[in-house]
2 protein chains.
Amino acid sequence: MSRFDLIIIGSGPSGRRAAVQAAKLGKRALVVEKRQRVGGVSVHTGTIPSKALRETVLNLTGWRERGFYGAAYRVKKDISAADLWQRGAKVLEHEVDVLDHQFARNRVATVQGEARFVSPHRIEVRRTSDGEAEHFEGDRFLIACGTRPHRPTHVPFNGRTVFDSDEILKLEELPRSMTVVGAGVIGVEYATIFSALEIAVTLVEPRATFLDFIDRELIEEFMHELRDRNVSLRLGAEVTAVEFDSAGRPICRIASGRDVTSDVLLYAAGRMGATEGLGLEAAGLATDHRGRLSVDPKTLQTAVPHIYAAGDVIGFPSLASTSMEQGRLAALHAFGLQPQSPPEHFPYGIYAVPEMSTVGMSEEEVRQRKIPYECGVARFRETSRGHIMGLQSGMMKMIFSKKSRRLLGVHIIGEGATELIHIGQAVLNLKGTIDYFIDSTFNYPTLAEAYKISALDAWNRAFAPSAMPPEQPAIDDAA
Amino acid sequence: MSRFDLIIIGSGPSGRRAAVQAAKLGKRALVVEKRQRVGGVSVHTGTIPSKALRETVLNLTGWRERGFYGAAYRVKKDISAADLWQRGAKVLEHEVDVLDHQFARNRVATVQGEARFVSPHRIEVRRTSDGEAEHFEGDRFLIACGTRPHRPTHVPFNGRTVFDSDEILKLEELPRSMTVVGAGVIGVEYATIFSALEIAVTLVEPRATFLDFIDRELIEEFMHELRDRNVSLRLGAEVTAVEFDSAGRPICRIASGRDVTSDVLLYAAGRMGATEGLGLEAAGLATDHRGRLSVDPKTLQTAVPHIYAAGDVIGFPSLASTSMEQGRLAALHAFGLQPQSPPEHFPYGIYAVPEMSTVGMSEEEVRQRKIPYECGVARFRETSRGHIMGLQSGMMKMIFSKKSRRLLGVHIIGEGATELIHIGQAVLNLKGTIDYFIDSTFNYPTLAEAYKISALDAWNRAFAPSAMPPEQPAIDDAA
């Protein structure tokens, strides 16, 4: 029986990063993956396929060009479901190759099969290849098993007209209408991507609000855009059942009685930790009602100190980016190292259409903490780059402390938001003030100029001398 | 006769910014513009039209999609010259509207006509509308007249087959071949944009190197890409004459005898300050042999202290972005204000195909200053976002001080370079180190992840403990 310094269950972003980190420390690491190929949900049914789909839809529809060529402009007239998945399949191959190579290069051992704890330091793996069971002993473990879609019993999933968020990638024909249940990150991303294909989408969410970790003004802008292109948004709509009409179309029954019938229904209300079958009780561990594990957020240790958990299985924020960092920190801690504490602020990226990204405090948070503040807003259409791209929407909002002049938060909706946010993130983490943006030169023409424009907007509201005497310094407003 | 606190000759980026700044200070500002409409070269024949052309070419050819759909992929099969200028015309309208509105809102006076100094404090403006001369007195002046193409006598410009860089926008038919003389920013941008349309381009430069303010490794990458798609690059090729063959096609005579014949020739070797006719001698000023004015770089004052100059007329770097900042600083200084000294580092953006952007020191500069350093390189194809976009090229190079760990320079070539550079710019100006990139979380998938990958590359070369004992901290290599 083989013994390893670290056994990692799952090869998604957190598992992969932990394995490579352990290997770099000279440790023997084993990754157990139950799928045929490495990569986890991120590569196979989650992050990568949905982002590849998004890119494909934007390209094939000519979405980014409509500002110039009109709303009727199309790059490809008849888009088939096969067109949609073509890019995703290529990207997936590429990603898996990169991972395989990374594991080989760093001498990370891998085994394909289902893992189950038989004791706190031992797992049994039923190999996919021959069905045989093999035992492995580990000094340390990392549970990075990810999640699977929550499939409540009142939803008649069939993989043809009623899908969960993993199955939706198997859609074989483009529907004319779609109901998406659940306005979390996944539901919002798919709803808006399919809506860009001019599928009539209804987004149903039982709660009265959604994506609550994002600044409300950004969400209001987002809702406005969705409604403007005919996405029906049903907040506070509790789903009581999903049935079929006589033609076999799914009916989404809503408590209020305002049911929604569509060609296809995507149920994306929550995911469960993929912990069933892991034999956690044999390791002395228990999960919450959604199969998730809780950990010490600083060390990523579970209740059993030599067993760590990272990635989606520990819950929020469940982003590939943060999961990678968790995996790295867990591996460092597992081998007695105290990593430097990471920069305070990390970004959230929502790859919807339009995309959103945010870092630091929302206006709601700043208010709650009673910090005197001012906001500045810039519209992408105020930038020359925005004119050149034909952008009609997109905005940036920055929040500054009135006292310290420090940047407190940046919130972006629109083209390139997930890339642009990192400029604000650097200024935030390196403790820059509003003056950084006022005095810096930005490439012209770029969307990044929105940083200067929104800073000037805030400056003119709260930082300019209130009654401007003739000889006082002043800043032009760029707009 | 009217008197103004500040009279500005020219309404391009520097003139406009100075005018608005003066107005915000409560000063009476007058802008004299000789064209029919405001905006200067930047809006009418320079920055904006060339960037709009670039965007149009990339879109209509499907340039960004070829990584997925193959080199033969086209969005539009037969692209006409009219297709090319369509977007530019719309953008120009929009930009001029924004400027008109900005001047009106800030109560900046404007007059259309040719300005000429009659004394150090007085100009005569010959109004375009009625040809009448009007005199204006100013306490301060800003010469922001920009440049015009250098048109040497041995080049038979005709606006049909031999163009300067302002005229090229009037190209009425797409040629099959083009010679571009001059590998400065303008020549390089147009050469690569037209090459993306599959026009056979020959780029001729008398010097042995080009774009010398950019890191050599980036330029080598750039040259490789150009040659890979069949742009013929002729460095060290002195142009002795431009003649026509019997079919009327321009022949570019090269000193070496290796002449180049093509359908069209674009002469883009240098620009002259548009100072002729300004009557500078009456103001006590003289220009260099290229019509340019020299100024104190801190205050933007010419040899005559109450007369400032800014923008392209004062020479390098001649970027719209830096010109705007010069205009602002000149106006502040003109009215006795000492603006905060701006952040040390500003970016250069070259909107070629592929685009390039750079901030801070090049490797050549770091060596010259004898600073111990290490570089890290990332290829865009190492990022998941790169896979999704189908990018086959694009790279980032970062340079760090080995002693202080500080970032010294960032150099990017490829999609989004001019936007991405601002992340490095913020870290550079706010004095961040390699650890910022190692410890930060980046949105996944983004091209911005290249910052982390190139930082890890540098770290593994020079910042990781040299012989890694088992219990030492280490960083995984992400790739």
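Please give the number of the condition B:Ile475 fails out of (1) of a type in the set (A, V, I, L, M, F, W, C); (2) open to solvent by 10 Å² or more (accessible area, probe 1.4 Å); (3) at pLDDT below 95; (4) outside any loop (DSSP other than H, G, I, E, B).
(4) is the only condition that B:Ile475 fails.
Has segment B:124-131 got at least one residue that is more than 28 Å from B:Ala23 (Cβ to Cβ), without any contact (Cβ under 8 Å) to a residue 12 or more places away in the chain and open to solvent by less than 40 Å² (accessible area, probe 1.4 Å)?
yes
Being touching a Gly at 6+ places or on another chain (Cβ under 8 Å) and within 14 Å of another protein chain (Cβ to nearest Cβ) is the filter here, so list the residues in segment B:100-148 that pass it.
B:Leu142
Show the residue pairs meeting these rules: Cβ distance below 6 Å; 6+ apart or different chains; first residue within segment A:312-329 and modelled with pLDDT under 95; second residue assigned to a helix (DSSP H, G or I) and open to solvent by 30 Å² or more (accessible area, probe 1.4 Å).
A:Ser318/A:Asp312
Identify the residue in segment B:47-77 that is more than 10 Å from chain A (Cβ to nearest Cβ) and at pLDDT below 90 and, among all such residues, is most open to solvent (accessible area, probe 1.4 Å).
Residue satisfying both the conditions and the ranking: B:Lys77.
Can you name every one of the helices (runs of 4 or more DSSP H) wholly within segment A:1-70 that holds 1 or more residues which are under 15 Å from the mean Cα position of the chain (by Cα) and free of Cβ contacts under 8 Å to residues at least 60 places away in the same chain?
Result: A:40-44, A:47-61.
One residue is enough: does segment B:409-423 have a residue meeting the conditions under 30 Å from A:Thr358 (Cβ atoms), surrounded by fewer than 19 Cβ atoms within 10 Å (Cβ to Cβ) and either more than 7 Å from chain A (Cβ to nearest Cβ) or modelled with pLDDT of 95 or more (or both)?
no
For segment B:156-183, how many residues are assigned to a loop (DSSP other than H, G, I, E, B) and within 22 Å of B:Glu114 (Cα to Cα)?
Adding up the residues that qualify gives 1.
Given (1) assigned to a strand (DSSP E or B); (2) open to solvent by 60 Å² or more (accessible area, probe 1.4 Å); (3) among the polar types (S, T, N, Q), identify the lone condition not met by B:Thr153.
(1)
Output the residues belonging to segment A:425-456 that are more than 7 Å from every other protein chain (Cβ to nearest Cβ), open to solvent by less than 10 Å² (accessible area, probe 1.4 Å) and in contact with a helix residue (DSSP H, G or I) (Cβ under 7 Å, 6 or more places away or on another chain).
A:Ile434, A:Phe437, A:Ile438, A:Ala450, A:Tyr451, A:Ala455, A:Leu456, listed by residue number.
Any idea which of (1) among the hydrophobic types (A, V, I, L, M, F, W, C); (2) closer than 15 Å to A:Ile186 by Cβ; (3) assigned by TED's automatic domain parsing to the domain that holds A:Thr47 is the one A:Ala282 doesn't satisfy?
The failed condition is (2).
Could you run through segment B:1-42 and say how many residues are at the interface with chain A (Cβ under 9 Å from one of its Cβ atoms) and of a type in the set (Val, Ile, Thr)?
1
How many of the residues making up segment B:349-387 are more than 21 Å from B:His224 (Cα to Cα) and either touching a Pro at 6+ places or on another chain (Cβ under 6 Å) or open to solvent by 20 Å² or more (accessible area, probe 1.4 Å) (or both)?
Count: 14.
Could you please give the count of residues in segment A:87-128 that are assigned to a strand (DSSP E or B) and not hydroxyl-bearing (Ser, Thr, Tyr)?
15
Among the residues of segment B:324-335, which ones are over 14 Å from the mean Cα position of the chain (by Cα), in a helix (DSSP H, G or I) and not acidic (Asp, Glu)?
Scanning segment B:324-335 gives B:Gln326, B:Gly327, B:Arg328, B:Leu329, B:Ala330, B:Ala331, B:Leu332, B:His333, B:Ala334.
Tell me which residues, restricted to segment B:336-362, are assigned to a loop (DSSP other than H, G, I, E, B) and at the interface with another protein chain (Cβ under 7 Å from one of its Cβ atoms).
Scanning segment B:336-362 gives B:Gly336, B:Leu337, B:Pro339, B:Gln340, B:Pro342, B:Pro343, B:Phe346, B:Pro347.
So for segment A:337-357 (the condition being at positive phi and among the small types (Gly, Ala, Ser)), does at least one residue qualify?
Within segment A:337-357, not a single residue is at positive phi and among the small types (Gly, Ala, Ser).
For A:Phe463, which of the numbered conditions (1) at pLDDT 95 or above; (2) more than 7 Å from every other protein chain (Cβ to nearest Cβ) fails to hold?
(1)
Exactly one condition in (1) open to solvent by 50 Å² or more (accessible area, probe 1.4 Å); (2) not aromatic (Phe, Trp, Tyr); (3) not in a helix (DSSP H, G or I) is false for B:Ile186; which is it?
Here B:Ile186 meets the rest and fails (3).
Among all residue pairs at least 6 apart or on different chains, which show Cβ distances below 7 Å where the first residue, located in segment A:142-160, is in contact (Cβ under 8 Å) with a residue 60 or more places away in the chain and under 13 Å from A:Ala268 (Cα atoms) and the second is hydrophobic (A, V, I, L, M, F, W, C) and in a loop (DSSP other than H, G, I, E, B)?
Close Cβ pairs satisfying both conditions: A:Thr147/A:Ala274; A:Arg148/A:Ala274; A:His150/A:Ala269; A:Arg151/A:Phe157.
The values are calculated or read from the model by the stated rules, or taken from the named source; none is laboratory data. Given the structure is predicted, the values throughout are model-derived calculations rather than measurements. Note: ideal-geometry Cβ built from the backbone for every residue, glycine included; neighbour counts use all protein chains shown. In case anyone asks, the SASA skips ligands and DNA or RNA and just uses the protein heavy atoms, side chains included. Shrake-Rupley method; radii C 1.70, N 1.55, O 1.52, S 1.80 Å.
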